[in-house]
Amino acid sequence: MDREHIKGAAEKAKGAIKETAGKLTGDEKLRAEGKLDKEKGAAHKAAGDMKEAAHQGPAAHQGPKEPAHHGSKNPHE
């Protein structure tokens, strides 16, 4: 887990606490701040995922290769 993933998890946790506290107290501003913090956390996680993908290189993200087709283009021949 890199720094961005850790930041993301912390922001999401902070946001969940704020949002819950806002719901319990009826404080819509606190609830909205909590939702915003959760979104920031999701953004940090996405940034961490992109960094991780960049470090792994393009080969790690290619799907299975299709077998080469030889001969006729019609598979029933």
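The values are calculated or read from the model by the stated rules, or taken from the named source; none is laboratory data. On a predicted model such as this, the values are computed, not experimentally measured, just so you know. As a convention, Cβ positions derive from the backbone with ideal geometry for all residues, glycine included, and neighbour counts pool all protein chains shown.
Residues of segment 38-57 being acidic (Asp, Glu) and over 8 Å from the mean Cα position of the chain (by Cα), which ones?
Once the filter is applied, which keeps residues that are acidic (Asp, Glu) and over 8 Å from the mean Cα position of the chain (by Cα), segment 38-57 yields Glu39, Glu52.
Restricting the first residue to segment 9-32 and requiring it to be farther than 19 Å from Ala43 by Cα, which pairs with a second residue that is at pLDDT below 95 and not small (Gly, Ala, Ser) meet a Cβ separation below 9 Å and a spacing of at least six or different chains?
The qualifying pairs do not exist here.
Here are Lys29, Lys7: which of them is exposed (fewer than 10 other Cβ atoms within 10 Å of the Cβ), in a helix (DSSP H, G or I) and at pLDDT 85 or above?
When all the criteria are applied, what remains is Lys29.
With respect to the numbered conditions (1) at pLDDT 95 or above; (2) touching a helix residue (DSSP H, G or I) at 6+ places or on another chain (Cβ under 9 Å), which one is the sole condition not fulfilled by Met50?
Condition (1) is where Met50 drops out.
Would you mind stating whether Asp2 is surrounded by 12 or more Cβ atoms within 10 Å (Cβ to Cβ), modelled with pLDDT under 90 and out of contact with any strand residue (DSSP E or B) (no Cβ under 8 Å at 6 or more places or on another chain)?
Here the answer is yes, as Asp2 does meet what is asked.
Exactly one condition in (1) exposed (fewer than 10 other Cβ atoms within 10 Å of the Cβ); (2) at pLDDT 95 or above is false for Ala60; which is it?
(2)
Tell me the residue from Lys65, Lys23 that is of a type in the set (D, E, K, R), more than 18 Å from the chain's Cα centre (by Cα) and modelled with pLDDT under 90, please.
On inspection, the qualifying residue turns out to be Lys65.
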